[in-house]
Structures are given as C-alpha cells and as structure tokens.
1. For region 234-244, what does the Karplus curve 6.51 cos²θ - 1.76 cosθ + 1.60, with θ = phi - 60°, yield as ³J(HN,Hα) per residue in whole Hz, taken in order and with x for Gly and Pro?
2. Can you work out the Karplus-derived ³J(HN,Hα) for every residue in region 116-133? Use 6.51 cos²θ - 1.76 cosθ + 1.60 with θ = phi - 60°, whole Hz, and x for glycine or proline.
3. Over the chain, what is the relative contact order in percent, taking alpha-carbon pairs closer than 8 angstrom and at least six residues apart?
4. Which shape class applies to region 1-159: rounded if a/c is under 1.5, otherwise prolate when a/b exceeds b/c and oblate if not, where a ≥ b ≥ c are the square roots of the Cα gyration tensor eigenvalues?
5. In whole Hz, with x marking every Gly and Pro, tabulate ³J(HN,Hα) for region 175-181 from phi via Karplus 6.51 cos²θ - 1.76 cosθ + 1.60, θ = phi - 60°.
6. From Cα pairs below 8 angstrom and at least 6 apart in sequence, can you work out the relative contact order of region 154-298, rounded to a whole percent?
7. Classify the chain: rounded, prolate or oblate, from the alpha-carbon gyration tensor (a ≥ b ≥ c, eigenvalue square roots; a/c under 1.5 rounded; otherwise prolate if a/b is larger than b/c)?
8. In whole Å, what is the distance between the alpha-carbon centres of region 21-100 and region 240-286?
Amino acid sequence: MVFKDKVVAAYQKIQDDICTSLELADGKAKFEQEIWNREGGGGGRTRIMQHGDVIEKGGVNFSAVHGKLPDPIKKAFKVDSDEFFATGVSIVMHPSNPFVPIIHMNIRYFEMDEQTRWFGGGIDLTPHYIIDTDARFFHHLLKQTCDTFDPTFYTKFKTNADDYFFIKHREETRGVGGIFYDRLKPENTGLSFEQLLDYSIAVGNTFIPAYTELIERNRDKEFTAQQQEWQYLRRSRYAEFNLVYDAGTKFGLETNGRIESILMSLPPMAKWTYNYQPVSGSQESYTLSKLKKGITWA
C-alpha cells in the first residue's frame, strides 16, 4: 500500500472511533455527516454534532485533498513545487456546561514528494474554568503518549503549544495548552515515517480517554447564569484566536477549502462584553491567573 493511503485509512478509522465514542459519551446527539469534494482535488467527511446532552456543538472532520499550492502557501512552506497532498483529522468540541472544557485536536500529514513530507498536529484543552486536577490529568496522558516514542517530545511539544496557542493581543494563552508539533520527519526526530505515523495515531487515540474522563467529571455540575456568561466570554477568546492566528484556518482559506468545515471550530454562541473585569478571588479571576505560558502540569 502506498504510504499516504495508509495514513488516510488510519485517519478515517480515528474519525470513526472518536465519533462512536463521543455519541456514547453524550448519550443523546448523533453526528450528521456530509461528504464533500474539493474543486481542486480530493474531499472529505464533515461530521457535526449539535444540541446534545453534553456537546452543544462539535465537529470531527476528515479530509484528504490534493492539487496545486497557492503562491502564499508555497512561500510560507519555503517550497518550489506546486503539487501537494494533505490529509488529516480536525476536532473541536464546544460543551454546554461551563465546567466541561473545550477541546481541540488536529493530526495531519502533508506531502509534496518523497523529499518534502512531514507530520504535524497536536491536542489542547481550553477550560472555561481551570480545574487544576483536570489540567494535570490531561497533560499526564499526553506525556505518557509522547514518552512511548521519545522522552523529549512532551517537553518540546508542550512548549510549542504554549507559544502557539497564545492570544498576543490579549497577552494570555487560549487555555491550559497541551502539545503542538509540526514538520516531524526522520531528519529531525530520528524516527522513520512509519514510526511517525504510529505516533500520529497514538496522539489521535489519546483523545477519547482524555475527553470522556473530563466529561464524566464535570457534566452534571450545576452552573449559574453568570457562569454561563463567563463561558460565552471565554468562547469569544477562542473565536478570536481561530480567526486571527490559527494556521489551519489560514491554510484552508488560502487553498480554497470548504468554508463550513473550516469554520466549524467556532462556538455556537459567544459574547464580547466591554472591559469585563472578574471579581478578585473569584473562580473567573483564578482562571485568568492560569492563562500563562510555562505552567508545569504533568
């Protein structure tokens, strides 16, 4: 089997497994699937869950596209060739309960030729209310996954996530981070492409044990209207990051991607309250105090 076909099959299975597990965890909502084709080549499977018992809106998307790279992307990637192939799974979950965190995952493979190809991706958590034990649990699972392949991965990729998921104009991190990596290949990891695929799959398979546990811990917690207002404010920061800084959003728009799939990461409801200041000593104030780079969670 051609290597990229192995990646496609693995990513499709991850999409299927995660969708099945999330439907079980939610207990009410089912994913709606839309099969789409890209005009320039390839297509994907967009799966959206809405109005569930836990998930207000979420997407688990798979794509495998090919064609010619636009000039801005060629310049950003520092490549001369036109032809590209890219496949990946992208996930964002926006829960209805403010104590269940937003989660994002992306695993991807990009190829232009035998010499120009790499893996990228990551997984990160954006709590509306930061609960230290939840953040430590999440990071511990990610460290376990990374350590299986290289004991240096977690520290490097955790630092990458802190730097990447940073809202510069707010001077705060998007959440408690996670791991983020890009352009992984044998030359900079010492792992073969087969091993890097195994790592990418392992990251994908970390999603369900991590998120279903966090759902179970927090789904039945009672919350007030004021706490929901805070949730809407934190969602607005998430939207700002995705629209201003997110590389995947930019890549999708630059390559004439499917707009509904690209913007599925945006929350169903968000608010921008002018100059909101949390009460000193409150849960909201504590959360803001933890939106910093370099916090050791694992």
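What follows draws every value from the coordinates through simple rules; no lab data is involved. A quick note: this is a predicted structure, and the numbers were derived from the prediction, not measured.
1. Working through the residues one at a time gives 5, 5, 5, 5, 4, 5, 4, 4, 5, 7, 9 Hz.
2. For region 116-133, the Karplus curve yields 10, 7, 6, 10, x, x, x, 8, 8, 10, 10, x, 6, 10, 6, 10, 4, 5 Hz.
3. 18
4. Since a/c reaches 1.5 but b/c is at least a/b, the shape of region 1-159 is classed as oblate.
5. These are the phi-based 3J(HN,Hα) values: x, 9, x, x, 10, 8, 8 Hz.
6. Answer for region 154-298 is 29 percent.
7. prolate
8. Between the Cα centres of region 21-100 and region 240-286 lies a distance of 16 Å.
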